[in-house]
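Everything below concerns the one structure shown next.
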Amino acid sequence: MYLQCGKFRLSLERPLIMGVINVTPDSFSDGGRYVLTEQAVAHARALIEEGADILDIGGESTRPGALPVTLDEERRRVLPVLERLADCGVPVSVDTQKPEVMREAVAAGASMINDINALAAPGALEAVVGTSAAACLMHKQGDPQTMQQAPRYADVVKEVRDFLATRVEAAQRGGVDRERLVIDPGFGFGKTLEHNLALLRELAQIAALGVPVLAGLSRKSMLGKITGREAGERVFASIAAAVIAVENGARIVRAHDVAATRDALAVWNAVRGKH
Ligand code: HH2
């Protein structure tokens, strides 16, 4: 299995690691902005050293309760980082829901668009169609501000799988080759702990759609609920979740702790990988 990802053709024979770079400051001063770009670029380079196969840059937090940022603000956060990483040697993904940011990001060298809205916004599919960028289609129920208030499903695995199948079809009908698509059940996006656990347990049912599955479990609050630990102390739990996800069919793991994830997946690959 391969993923066409901009100028990169990524083999998915072994599971890949997508390293997370957040460009989401508390300070909006100009000095703060320069520092923010420099920090993000340095963090990106460190994650490449640690073994990230893909980088994911995000300028808008999508954590439960997070507020949206304006188009201009998101642009100012993401584009300078992207430009500095154009020749970093690994594909760079941009985590955005905004079609304008998608278009400008691809023009500035992004190899992938990671959209928690599965390219459903007007103009989103069109922003990706005429390019060679990959697209990650993610499931969510509701919006980040309110999604954790009362998530409800009759059958979470079936509903997420059917939604992803529909979005893959829509993307293909719109002109995006299947080889450019990735699907993601969207752990924590309008899901209770039980919903998240059911999706992780039954991830093979999502992988059966035949499109590479990306799993984002790193440091998520579901791991806090299980272990009682704060976000910065969830590395061991994140590794356990990443290994289970890969065991159940995920081909890309979105991770903050790249070095630890790389070692864990190297062991998985030595045991389970094709030789
Ligand atoms: N999770 C977050 C953001 N973007 N994209 C995809 N495809 N899948 C995810 O699970 C996903 C995502 C939110 O993760 P969180 O830990 O709340 O914040 P961040 O990872 O940006 O630090």
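Secondary structure note: in the stretch 1-125, about 25% of the DSSP beta bridges are antiparallel.
Please report the carbon-and-sulfur percent of the accessible area for the stretch 16-271; probe 1.4 Å, protein heavy atoms only, DNA, RNA and ligands left out.
On the way: 5660 of 10740 Å².
Ligands and nucleic acids excluded, carbon and sulfur reach 53 percent.
Checking every one of the trypsin sites (Lys or Arg not before Pro) in the stretch 1-109 against DSSP loop status and a limit of 11 other Cβ atoms within 10 Å picks out Lys7. Of all lysines in the structure, the ones whose alpha carbon falls short of 16 Å from that of Lys225, not counting any fewer than 8 places away in one chain, are Lys191.
For the stretch 158-275, the share of alpha carbon pairs falling in successive 10 Å distance bins from zero is 14, 42, 32, 11, 1 percent. Between the listed residues Ser61, Ser11, Gly130, the Cα displaced farthest toward the positive end of the dipole of the chain, a dipole computed from Cβ unit charges relative to the Cα centre, is found at Ser11.
For the chain, what proportion of DSSP beta bridges, expressed in % and rounded to the nearest 5, is antiparallel?
Values: 4 of 33 bridges.
Approximately 10 percent, going by the DSSP bridge assignments.
Under the convention that each Lys and Arg Cβ holds +1 and each Asp and Glu Cβ holds -1, the size of the dipole of the stretch 197-236 around its Cα centre is about 100 debye. Above 27 Å, the calculated P(r) of the chain contains 33 percent of its Cα-Cα pairs.
Below 8 Å, C-alpha to C-alpha, sequence gap of six or more: please give me the relative contact order for the stretch 16-271 in percent. Relative contact order, the stretch 16-271: 18 percent. For Leu203, neighbours were defined as the other residues whose beta-carbon sits under 12 Å from its Cβ, and their charges (Lys and Arg +1, Asp and Glu -1) total 0. Using Cα springs under 10 Å in a Gaussian network model of the chain, which residue among Leu119, Leu217, Leu209 shows the largest mean-square fluctuation? Sorting by GNM fluctuation, first place goes to Leu209.
What does the extension gain come out to for Ser11 and Glu230, with contour length at 0.36 nm per residue minus their alpha carbon separation?
Details: separation 219, 0.36 × 219 = 78.84 nm, distance 3.45 nm.
Difference between extended and current length: 75.4 nm.
Annotation: Phe8 carries an accessible surface of approximately 50 Å², with a 1.4 Å probe and no ligand, DNA or RNA atoms counted. For the stretch 16-271, the solvent-accessible area of protein heavy atoms averages 42 Å² per residue (probe radius 1.4 Å; ligands and nucleic acids excluded).
The values are calculated or read from the model by the stated rules, or taken from the named source; none is laboratory data. For clarity, every value in this text was computed on a predicted model and none was experimentally measured. FYI the Cβ positions are ideal-geometry reconstructions off the backbone, even for glycines, and counts take in every protein chain you see. Surface accessibility is based on the protein's heavy atoms, side chains included, excluding ligands, DNA and RNA. Shrake-Rupley method; radii C 1.70, N 1.55, O 1.52, S 1.80 Å.
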